[in-house]
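A.B. asks: Here it is, the structure in full.
The values are calculated or read from the model by the stated rules, or taken from the named source; none is laboratory data. If you're wondering where the values come from, they're calculated on a predicted model, not measured in any experiment. Cβ sites come from the backbone with ideal geometry, for glycine too, and all protein chains shown count toward neighbours.
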Amino acid sequence: MDEGEAELRNPFPSPPSHYRKYTSHHLKLLTLLRERSANNPDASQYDILSDQSDVPEWPLTELEKPRVDWILDEPDGYYEVFGDRWFVSDWTSAAFETVLSIFHRSRKKFLHWQN
């Protein structure tokens, strides 16, 4: 089966190929790199992790979580997914109201069950 046929059968996009980089070994190396680079921020990851085995050729900093706090700082912060624009302020208020209503309903059921 070629890649075109697989895309037709799967309604969801395939994950990006870099997901394979998120191994426990690479994440441990990233933690070590963060700890050790605080003292010497200009050194390369090969110099900092010279006592470790299997240091990858690509930068370990690619494994860091993306910053999203800058979206919340914008007055009309948004992100785009598959061509659709999602405004963060609308999502956060709607999500907060949804969570509160679910909590309230479950709390009422729990209290009723306890009595």
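A.B. asks: List pairs: first in the range 25-49 and charged (D, E, K, R), second in a loop (DSSP other than H, G, I, E, B), Cβ under 9 Å, 6+ apart or cross-chain?
C.D. replies: Hits for this filter: Lys28/Gln52; Arg34/Glu64; Arg36/Ala43; Arg36/Leu49; Asp47/Asn40.
A.B. asks: Show the residue pairs meeting these rules: Cβ distance below 6 Å; 6+ apart or different chains; first residue within the range 75-103 and of a type in the set (Gly, Ala, Ser); second residue modelled with pLDDT of 70 or more.
C.D. replies: Hits for this filter: Gly77/Val88.
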